Amino acid sequence: MGRAFEVRKHAMAKTSAQKTKVYSKYGKEIYMEAKNGVPDPEMNTNLKRVIERARQEQVPNDIINRAIEKAKGGDAADYHAVRYEGFGPNGSTFIVTCLTDNDNRSVSEVRNAFTKSKGKMGVGGSVIHGYDHIGLLGFEYEDEEKIMEILFDADVDLQEIEVEDGFMSVSVETTDLYRAKEAIEAVLENIVFDVTELTYVAHESVVLETDEDKKMFDKLTEMLESCEDVQDIYHNIKT
């Protein structure tokens, strides 16, 4: 299976993920963007884009509005982004991104997840060199030439297009993600994006061949997902 299949599977997995975790993730992101800028999505581009992604994942309006009102109210919480890298079963690699107001708590919880699943946290830069940081769009469409024409006209740095069973994945430079989205929307007015995100894609994948490795993978991901500050988990395991 190719990239388009993986992107579509990723989108489907997100919609079935534990709702409280998804709501918490976007609540933090919306709060942070509203607090760091103007708490009005029409005047704050970053806030508007986070809200768009939240709605793609079916985050209710009351969660979105509550986060914005919290930022308006001058709440003292001050989140910032941190990234951790580590190693899992069978030489697999992980990138874990967090939004936190307590670095000690974040690093302790993430390290504990790796340790208890027989993995190991790495130092900064030990894993990320094996990944590309890209902007990713996923949507139902088949005409690759049309999308290439749209993105070329918009001066978007296109990296890859793949179509599988009517679903298209488009990879671009991170700085071009929303320019690409807006350019496609301007031409294809009824297009619906299932995926709009900045993500890490591994250069090479690892296969887990033993039941023990699969058990440790499940344990590691479950423990990371239960961490209060963890926002996203990326790995090179072929699932």
In the list 188, 158, 151, which residue meets the criterion of being hydrophobic (A, V, I, L, M, F, W, C) and in contact with a Ser or Thr (Cβ under 8 Å, 6 or more places away or on another chain)?
-> 158
Note on residue 174: of the conditions (1) open to solvent by 30 Å² or more (accessible area, probe 1.4 Å); (2) among the polar types (S, T, N, Q); (3) farther than 28 Å from residue 91 by Cα, unmet is (3)
If the Cβ limit is 8 Å and pairs must be 6+ apart or interchain, which residue in segment 185-201 that is in contact (Cβ under 8 Å) with a residue 24 or more places away in the chain and among the aromatic types (Phe, Trp, Tyr) pairs with which residue that is part of a strand (DSSP E or B) and open to solvent by 70 Å² or more (accessible area, probe 1.4 Å)?
-> 200/132; 200/133
Hits in segment 192-205 - residues which are open to solvent by less than 30 Å² (accessible area, probe 1.4 Å) and either farther than 18 Å from residue 131 by Cα or among the aromatic types (Phe, Trp, Tyr) (or both) = 193, 195, 196
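Does residue 170 satisfy the condition of being in contact with a strand residue (DSSP E or B) (Cβ under 7 Å, 6 or more places away or on another chain) and either in contact (Cβ under 8 Å) with a residue 12 or more places away in the chain or closer than 22 Å to residue 45 by Cβ (or both)? Can you show your working first?
On the way: in contact with a strand residue (DSSP E or B) (Cβ under 7 Å, 6 or more places away or on another chain): yes; either in contact (Cβ under 8 Å) with a residue 12 or more places away in the chain or closer than 22 Å to residue 45 by Cβ (or both): yes.
Considered against the rule, which asks whether it is in contact with a strand residue (DSSP E or B) (Cβ under 7 Å, 6 or more places away or on another chain) and either in contact (Cβ under 8 Å) with a residue 12 or more places away in the chain or closer than 22 Å to residue 45 by Cβ (or both), residue 170 comes out as yes.
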Quick one: is residue 162 in contact (Cβ under 8 Å) with a residue 40 or more places away in the chain and among the charged types (D, E, K, R)?
-> yes
When segment 50-71 is checked residue by residue, the ones that are open to solvent by less than 40 Å² (accessible area, probe 1.4 Å), in a loop (DSSP other than H, G, I, E, B) and in contact (Cβ under 8 Å) with a residue 40 or more places away in the chain are 57
Are any residues in segment 96-118 touching a residue at least 40 places away in the same chain (Cβ under 8 Å) and either open to solvent by 20 Å² or more (accessible area, probe 1.4 Å) or closer than 20 Å to residue 199 by Cα (or both), and if so, which ones?
-> 96, 97, 98, 99, 100, 102, 105, 109, 110, 112, 116, 118
Does segment 139-153 include one or more residues that are under 30 Å from residue 80 (Cβ atoms) and either in contact with a helix residue (DSSP H, G or I) (Cβ under 6 Å, 6 or more places away or on another chain) or assigned to a strand (DSSP E or B) (or both)?
-> no
Selected residue (criterion: nearest to residue 217 (Cα to Cα)) from residues of segment 85-137 that are assigned to a helix (DSSP H, G or I) and of a type in the set (Val, Ile, Thr) = 115
Would you mind finding the one in 233, 237, 150 that is open to solvent by less than 30 Å² (accessible area, probe 1.4 Å) and in contact (Cβ under 8 Å) with a residue 40 or more places away in the chain?
-> 237
Could you say whether any residue in segment 173-184 is in a loop (DSSP other than H, G, I, E, B), over 16 Å from the mean Cα position of the chain (by Cα) and touching a residue at least 12 places away in the same chain (Cβ under 8 Å)?
-> no
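The values are calculated or read from the model by the stated rules, or taken from the named source; none is laboratory data. What you are looking at is a predicted structure, and each value in this text was computed from that prediction instead of being measured. Quick reminder, even Gly has a Cβ in these numbers, built from the backbone with ideal geometry, and neighbours come from all protein chains shown. These accessible areas exclude ligands, DNA and RNA; they are computed on the full protein's heavy atoms, side chains included. Shrake-Rupley method; radii C 1.70, N 1.55, O 1.52, S 1.80 Å.
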